[in-house]
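Okay, structure first, notes after.
Read-outs: derived from the displayed coordinates by stated rules, not from any lab. The structure presented is a predicted model; accordingly, all values stated were derived computationally and were not measured. Glycine also receives a Cβ, built like all others from the backbone with ideal geometry; neighbour counts cover every protein chain displayed.
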Amino acid sequence: MVRLVEDQQVGPVDPEPADVVKVAVVGYGYWGPNLVRNFFEAPGSTVSAVCDLDQGRLAAVCKRYPTIAPVTEYREALRDPAIDAVAIATPVSTHYRLAKEALEAGKHVWVEKPLTMSYPEAQRLTELAERKKRVLMVDHVFVYTGAVQRIRTSIDGAELGTVLYYDSVRVNLGLLQHDVNVIWDLGVHDFSIVDYLLPQRPVAVSSVGARHINGGSESIAYVTLHFQENLIAHFHLNWLAPVKIRLTTVCGSRRMVVYDDTIPSEKVRIYDRGVTVNGSLEDRTRLLVEYRSGDMYAPKLEQTEALQAAARHFASCIVEGSRPRTDGEAGARIVALAEAAQRSLANGGGLQRVEW
């Protein structure tokens with residue numbers, strides 16, 4: 001494959017340039033249509049085929065995108081030498097098998113989160129991608145938002161000072177999943193954000209949750225990541241909330257950040273607020289606590305749709321032979337955190353060490 005032409009645009013009916021990454025999207029259910037739209041529109045990529053067992057879904061693809069080939073047999077897409085990459089948007093239990101077959105067939109692979117249902121499986125996929133010299137990228141889409149990128153800049157540049165805690169509320173009414181609980185669904189988003197933002201790695205996890213749907217999995221959970229440093233990250237996750245809330249607070253010793261993903265503008269607000277303690281903790285009579293309440297400002301954010309940015313990043317990594325921000329190793333770390341949280345649930349909330 002030759003290098004991408006700068007700012008190459010792919011139209012819905014124009015002939016496909018030879019230097020564009022050709023993607024087969026596997027699964028056209030809830031997330032698959034979003035992948036098709038973004039890979040079709042992203043500079044540097046296009047969608048050559050969509051694979052699904054449902055003929056009705058394939059008919060909908062053909063109606064909207066006449067140039068896309070409908071495929072019912074997955075291996076047919078793998079045998080096509082014109083297809084460079086496979087994007088997997090199927091139930092989590094199928095991720096490992098489908099990704100393994102694609103890598104063995106010499107395809108680059110994009111996998112919807114979470115990467116797999118177990119850490120050893122995620123490790124094996126990562127090692128296989130390394131041996132095959134293929135790009136393996138996990139769809140941790142929030143990492144590619146302008147908001148998270150800006151917070152990362154604030155942390156790396158010491159604008160916030162020392163990070164003291166991370167707190168998140170991620171709740172809504174649905175979508176209940178049949179094969180994973182709320183931790184593996186919503187919690188994975190926060191795990192991936194923390195993994196990207198913080199240089200430290202958590203050493204243990206504690207979690208409690210409850211099942212409210214007969215025969216279902218946990219629909220609400222409270223998860224805490226524990227670090228060796230004096231730092232914790234806490235998540236409130238809920239499928240049964242009356243409103244949708246996506247609110248994150250990152251508190252530093254110098255400044256604090258509030259990130260509200262549900263509002264159309266000023267999603268990130270940086271507050272010059274904090275606490276200064278003077279005197280000796282041993283001599284409480286001389287202990288002076290000062291509260292600083294300075295200005296707040298909302299920085300300008302990159303407005304590109306996160307999934308579009310991720311699709312461009314995937315195509316760029318394939319062409320340049322570079323490693324994605326959310327590669328297999330990052331995906332494996334997120335699976336390890338989810339597994340530790342699951343063990344803690346089964347242990348009544350007991351602290352569980354993370355098996356890296």
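Numbers at a glance
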{"read-out": "Virtual spin-label span in nm between Ser322 and Leu288, 7 Å along Cα→Cβ", "value": "5.0 nm"}
{"read-out": "Student exercise, the stretch 138-210 dipole from Lys, Arg, Asp, Glu Cβ charges, in Debye to nearest 20", "value": "120 debye"}
{"read-out": "Charge dipole (the chain, unit charges on Cβ, about Cα centre) - positive-most of Gly187, Asn172, Asn214", "value": "Asn214"}
{"read-out": "Length-normalised contact order for the chain - Cα pairs under 8 Å, 6+ apart - percent", "value": "18 percent"}
{"read-out": "Between helix 328-346 and the chain: long-axis angle, C-alpha atoms, 0 to 90°, nearest 10", "value": "60 degrees"}
{"read-out": "Ranking of Leu53, Leu160 by count of other Cβ atoms within 10 Å, fewest first", "value": "Leu53, Leu160"}
{"read-out": "Virtual spin-label span in nm between Glu130 and Asn347, 7 Å along Cα→Cβ", "value": "2.8 nm"}
{"read-out": "Charge context of Phe142, other residues only, Cβ under 14 angstrom, K/R +1, D/E -1", "value": "-2"}
{"read-out": "For the stretch 50-117: relative contact order, % (alpha-carbon pairs under 8 angstrom, 6 or more apart)", "value": "27 percent"}
{"read-out": "In order through the stretch 171-177: 3J(HN,Hα) via Karplus (6.51 cos²θ - 1.76 cosθ + 1.60), integer Hz, x for Gly, Pro", "value": "9, 5, 9, x, 7, 5, 9"}
{"read-out": "For the stretch 73-133 and the stretch 191-267, distance of Cα centres in Å", "value": "28 Å"}
{"read-out": "Charged-residue dipole, Cβ positions (Lys, Arg, Asp, Glu), the stretch 59-207 about Cα centre, Debye nearest 20", "value": "340 debye"}
{"read-out": "Lysine pairs meeting the criterion (Cα under 20 Å, 8 or more apart or interchain), as found in the chain", "value": "12"}
{"read-out": "Antiparallel bridges, percent of DSSP beta bridges restricted to the chain (to nearest 5)", "value": "60 percent"}
{"read-out": "Relative contact order (percent, whole number), the stretch 161-274, Cα cutoff 8 Å, 6+ residue spacing", "value": "35 percent"}
{"read-out": "Order by protection proxy (mean Cβ within 10 Å, highest first), peptides 94-106, 140-152, 71-83", "value": "140-152, 94-106, 71-83"}
{"read-out": "Dipole moment magnitude, nearest 20 debye, the chain about Cα centre, only Lys, Arg, Asp, Glu C-beta charged", "value": "340 debye"}
{"read-out": "Residues Val92, Val25 arranged by fewest to most Cβ contacts within 10 Å", "value": "Val92, Val25"}
{"read-out": "Among Ile334, Ile318, Ile263: highest mean-square fluctuation, GNM of the chain, C-alpha pairs under 10 Å", "value": "Ile263"}
{"read-out": "Using alpha-carbon coordinates, inclination of helix 188-197 to the longest axis of the chain, degrees", "value": "70 degrees"}
{"read-out": "Rounded to 5, percent antiparallel among DSSP beta bridges of the stretch 155-248", "value": "75 percent"}
{"read-out": "For the chain, with +1 on Lys and Arg beta carbons and -1 on Asp and Glu, the positive-most of Ala306, Ile245, Thr72 along the dipole", "value": "Ile245"}
